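One structure below.
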Amino acid sequence: MDRPDTADAADPLAALRSIARDPRSYVQRWREEHPDRKVLGVLPMNFPRELAHAAGVLPVIVPDDQQPVTEGRAFLPEFYCGFTRNLADQAATGRFDLYDGLFVADHCIQLLGATDIVRELEPRAPVFLGQLISSLSDRGAGAKIAEMVATLRAEVEAFAGTEVTDAALAASIRAFNRDRSLIRRLFDARAAGDCAFGPVELQDIVASAQVMDPDEHHALLSAVVAGRAPRTRDDRIRVHLSGHLCHAPRRELLEVIEEAGAVVVDDDLWTGRRYLQTDLDESLPPMTAVAEWYAGRNVALPCPTRVQHDVDWDQWLLAAAERSGAEAVVHLMPKFCEPHMLYYPELRRALEAAGIPQLLIETEHEGIPLESFRTRLEALIERSHRNRPAYA
Amino acid sequence: MTATMPPLATPDRTNRLAATRHGNRMVAQYWDDLFTARERGQQIVWYNGGALNPIFQAAGLAWCHGEAFAARLAAQQLEGPAQLAGAEYGYNAELCSYSRTHLGCAVLTVQGDEGAQTGVVGAHDQAELAARLPAPDFFVNNYAGCSTGQQWDEISYRVFDKEVPIFNISHPFLWGNKADAGYLQGEEWESASRYVRDQLVDLIAWLEERSGNKFDWDLLRESMTYIKRAAELRREGLELCKAKPAPATFWDWISAIAPINFLPGNQELVDYFASVRDEIQHRIDHGITGIENERYRLYFDGIMNWNKLGFLSRKFAEHGVAVMAGRYITNAFWQEPQLIDTDDPLLGMAQHYLLCPTNHGTRTLDYLTLRDCEEYDVDGIVFHSTRTCRAFTGPQRLLARSAQNNLGIPSIFFEGDVADASFYKEEILESRLAAMLEAIDVKRAQAS
Ligand code: SF4
Ligand code: SF4
């Protein structure tokens, strides 16, 4: 499946959109086309998919499939974040059958809780936790990362039943880099003033990349980019969207932001810049490149699930707002997401000190109080307008 | 936040151990000493997670365990001002209430006198108490299992504007990837133990360098010798509690957590646990029971609801329930003293830090829970669905299912929290407990 089919070529963005919104059909199609290869579910946000891709596996970052949580309720408490409850529900209702196995490199305790549910309910699928060290200031963190990357490679090989050669890994690195850098071009253009792509479109582009084979995604995205001319942003209030770890916010939320008279100019969302900010260094031996990618990701875009004493999400956010000219920040916090809850006051403090208006929206897995969000957003926009100089 | 406890209409049917009162005095003395440590010229370390106190003792530092301080405030119904300060700073009410209380203390400590301006009636003295906590000279994080624990100290470091040096110890989660993995066994266990041990060596060098104090290895061996002995006595006491009827209950052991968790290793600690064990033995010898008229034996899973400790102990006793054991007691706090080599204690210490009851995959927890339910011969399990502690609550549904499927043991869940009374729902516990006890009666009647 290296090139898009004719229907895809006619409307490549529609093809990406439909994969972002219905990953199951994409995975089923991939399976039909690759009957002797495996599909590996990996959990966000740090598993190096290149390792699995190099073994001929389709590594899918398991998305929140946005179905209401039903039978999953019996397995995880209702005060777990929506993403993890959705994972438990996917396992409890058989929807996890999409994957032949599950690999996890992150350590958020809620993620591990959901992973254990999958392990229990899907005994046919191997579940492997290869915990990448989360405290990146530890002496010896580099060695620990290298050790775990080697372990993950060996486990992926065992899962795929094939060896991962350095050459194959280097090729996978190139494929993912190429795709990520093309997406990043769109994000950088947006931050620089181009609003050719709206936030929902960009989210669909990233969400589909998290599921698809990188070459196939790149082919479709190239066609999308070729068919879209740049468009200069108007003078709506420029907003940065922050947070929303591990899964996509509801599209309706993104739509309301623009309807209310703001324009999204940048973000650090998981289904946004957070996914694509860091490339692997192709000049390094491939295993070193994977390890350094992981170590460098938190510097390129700090994550509250990591701890690193000299790296600050708040400072990154101020610099990003400076780059994009963002006049306001909307924090999108999934309800019960503790890493975000812990870090939020630091973000708030820094933005307050910088005089940047902000709004915190807690997102729920089921049901969005859109109207109340709209009202609060309008208030934010009004406040931001008052911050503008009278005669610009 | 604080909530007023309803008056109890029924008589107290508990018969709590007298020996634990002495433990309470030792603990109160410890906190008083800590509050004045700065005046005595001591440097102070704030830490979270596993019991590093023997290392701090040998490094000549005074130590404050963050969770313990939050638990103490909650147990004394004094957590309100710290939580309010945390909320004003921006911490969400759904955040782990230990961390939110402790971070609130950090905010009050940083704010100094400003902390008293909360506008809450009676808040002044309580805020003072939280702010009396001496500011740290060091942070050390030793949290295994729960990611929140690790992030919490990193945030404390930022609340103090990064002016206080911090050291982190990383603990691999004991997930059990491999077939040889199991409780205290397998390559995963061995390699994780060595890895954490090596970090303890680094910590000691870091403390020496930063504090200017020479590390006293003999003192570490000596205090670990006392702690090992105290832990053995504690285990002996726990073992004795398997007797029928139970001579002491889970709630007595909850009262004895603080001494084993953070008091200095010395003869007084050993004497204390000897007195606890001896009192239990004396009760067995004289037919004295932990509650009046024991009719049911239950297992308690979950971290403690500190606001409700006395209330819960009376509540279960009122129903004739002896709460026998629980993950937080039986599988935590130097629970495997045989692992400690007193001549070279670091490996055994590292292993205990890894054995935090939130640091196991559900398979191991399942093994431990079923083992304890059988050994203590319980009729059911009460799960404290600890609202803001996702680490303890994550595996609970699977554990309940397994206990039912493998041992035929029923379970109930009730909601509460470690340090936030507002999450406790009295009606839910009361009605579910009554229903489970009724079901146990029916099962017994059918069996007889
Ligand atoms: S980081 Fe947040 S969103 Fe992701 S699994 Fe953890 S709690 Fe859920
Ligand atoms: S959530 Fe639970 S285990 Fe985690 S830091 Fe809080 S009290 Fe500790």
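The values are calculated or read from the model by the stated rules, or taken from the named source; none is laboratory data. On a predicted model such as this, the values are computed, not experimentally measured, just so you know. Heads up, the Cβs are rebuilt from the backbone with ideal geometry, glycines too, and the neighbour counts pull from every protein chain shown. Ligands, DNA and RNA are stripped out before the accessible areas are found, and what is left, the full protein with its side chains, is counted by its heavy atoms. Shrake-Rupley method; radii C 1.70, N 1.55, O 1.52, S 1.80 Å.
If you build the Cα gyration tensor of the stretch A:28-93 and take the root of 5 times each eigenvalue, what three semi-axes come out, in whole angstrom, biggest first?
27, 14, 8
Rounded to the nearest 5, what % of the DSSP beta bridges within the protein assembly as shown are antiparallel ones?
Antiparallel bridges make up about 5 percent of those DSSP assigns within the protein assembly as shown.
Helix B:123-132: angle to the longest alpha-carbon principal axis of chain B, degrees 0 to 90, nearest 10?
60 degrees
Which cross-chain or sequence-distant (5 or more) residues have an amide H under 5 Å from the amide H of A:F103, H modelled 1.01 Å from N in plane?
A:G41, A:V42, A:L43, A:F128
Points 7 angstrom from Cα along the Cβ direction at B:Q338 and B:R295: gap in nanometres?
The answer from the label model is 3.9 nm.
Could you give me D for chain A, from Stokes-Einstein at 20 °C and 1.002 mPa s, where the hydrodynamic radius is the Kirkwood radius over C-alpha pairs? Units µm² s⁻¹, please.
In µm²/s, the coefficient is 100.
For peptide A:128-135, compute the average count of partner chain beta-carbon atoms within 10 Å of each residue's beta-carbon.
Rounded to a whole number, the mean comes out at 5.
What does the charge dipole of the stretch A:240-374 about its Cα centre add up to, to the nearest 20 debye, if the Cβ of each Lys and Arg holds +1 and the Cβ of each Asp and Glu holds -1?
Approximately 160 debye in magnitude.
Just checking the output field for B:172-184: average partner chain Cβ neighbours within 10 Å of each residue's Cβ?
For this peptide, the per-residue mean of nearby foreign Cβ atoms is 3.
Using 1/(1 + (r/R0)^6) with R0 = 25 angstrom and r between the beta carbons of B:R38 and B:E209, what's the FRET efficiency to the nearest 0.05?
About 0.75, to the nearest 0.05.
Roughly how many whole Å is it from the C-alpha centroid of the stretch B:10-88 to that of the stretch B:416-440?
Cα centres, the stretch B:10-88 to the stretch B:416-440: 27 Å.
Considering only protein heavy atoms and a 1.4 Å probe, what is the carbon-and-sulfur percentage of the accessible area of chain B?
49 percent
Scan around B:W63 for amide H atoms under 5 Å from its own, H built in the peptide plane at 1.01 Å from N, and keep only partners 5 or more places away or cross-chain.
Excluding prolines and chain starts, which carry no amide H, the hits are B:V45.
If the elastic network links every pair of Cα atoms under 10 Å, which of B:S275, B:S313, B:S147 fluctuates the most in the Gaussian network model of chain B?
The residue with the greatest mean-square fluctuation here is B:S147.
If amide H atoms are built 1.01 Å from N in the plane of the peptide, which residues on other chains or at least 5 residues away come under 5 Å of the amide H of B:I166?
B:F139
Report ³J(HN,Hα) in whole Hz for each residue of the stretch B:401-415, in order, from the Karplus equation J = 6.51 cos²θ - 1.76 cosθ + 1.60 where θ = phi - 60°; Gly and Pro get x.
Listing the rounded values in order: 4, 5, 4, 5, 5, 8, 10, x, 9, x, 9, 10, 10, 9, 9 Hz.
Rounded to the nearest 0.05, what FRET efficiency do B:E375 and A:R21 have when you use their Cβ-Cβ distance and R0 = 56 Å?
That gives a FRET efficiency of 0.60.
Looking only at B:V270, B:V201, B:V140, which one moves most when chain B is put into a Gaussian network model with springs between Cα atoms under 10 Å?
B:V201
List, in order, the whole-Hz ³J(HN,Hα) value for each residue of the stretch B:282-291 obtained from phi through the Karplus relation with A = 6.51, B = -1.76, C = 1.60 and θ = phi - 60°; use x for Gly and Pro.
So the J values, rounded to whole Hz, are 4, 5, 4, 4, 10, x, 8, 10, x, 9.
When the Cα centres of the stretch B:236-259 and the stretch A:35-84 are compared, how far apart do they sit, in Å?
If we compute the Cα centre of each part, the gap is 43 Å.
Output the direction-averaged projected area (hull surface divided by four) of the convex hull of the alpha-carbon atoms of the protein assembly as shown, in nm².
With every direction weighted equally, the projected area is 36.7 nm².
If the cut-off is 30 Å between C-alpha atoms, which lysines fall inside it for B:K178, apart from same-chain ones fewer than 8 positions away?
Output for B:K178: A:K38, A:K144.
Can you tell me the relative contact order of chain B? Whole percent, Cα pairs under 8 Å, sequence separation 6 or more.
Taking the mean separation of contacting Cα pairs over the length of chain B, I get 20 percent.
Points 7 angstrom from Cα along the Cβ direction at A:E371 and B:R132: gap in nanometres?
Modelled inter-label distance: 5.2 nm.
Aspartates and glutamates within cross-link reach of A:K335: Cα-Cα under 13 Å, excluding same-chain residues under 8 positions apart?
A:E78, A:E362, A:E364, A:E366, B:E94
Hey, what angle do you get for helix A:199-209 against the long axis of chain A, alpha-carbon based, 0 to 90 degrees rounded to 10?
Result, in degrees: 10.
Interface size between chain B and chain A, please: total buried accessible area, 1.4 Å probe, rounded to the nearest 100 Å².
Buried area (both sides, nearest 100 Å²): 4400 Å².
With angles folded into 0 to 90 degrees, how steeply does helix A:166-191 sit against the dominant principal axis of chain A? Use alpha carbons for both and round to 10.
10 degrees
Taking the convex hull of the Cα atoms, report for the stretch A:20-175 its projected area averaged over all directions, in nm².
Mean orientational projected area (the stretch A:20-175, Cα hull): 9.8 nm².
Antiparallel DSSP bridges in chain A: what percent, to the nearest 5?
Counting DSSP beta bridges with both partners in chain A, the antiparallel share is about 5 percent.
Could you compute the FRET efficiency for A:E282 and A:D310, with r as their C-beta to C-beta distance and R0 at 22 Å, rounded to 0.05?
0.25
When chain B is modelled as a GNM with alpha-carbon springs shorter than 10 Å, which of B:A400, B:A248, B:A87 fluctuates the most?
B:A87
Mean residue ellipticity at 222 nm from the helices of chain B, using -39,500 (n - 2.57) per DSSP H segment of n ≥ 4 over the full residue count, to the nearest 500 deg cm²/dmol?
-16000 deg cm²/dmol
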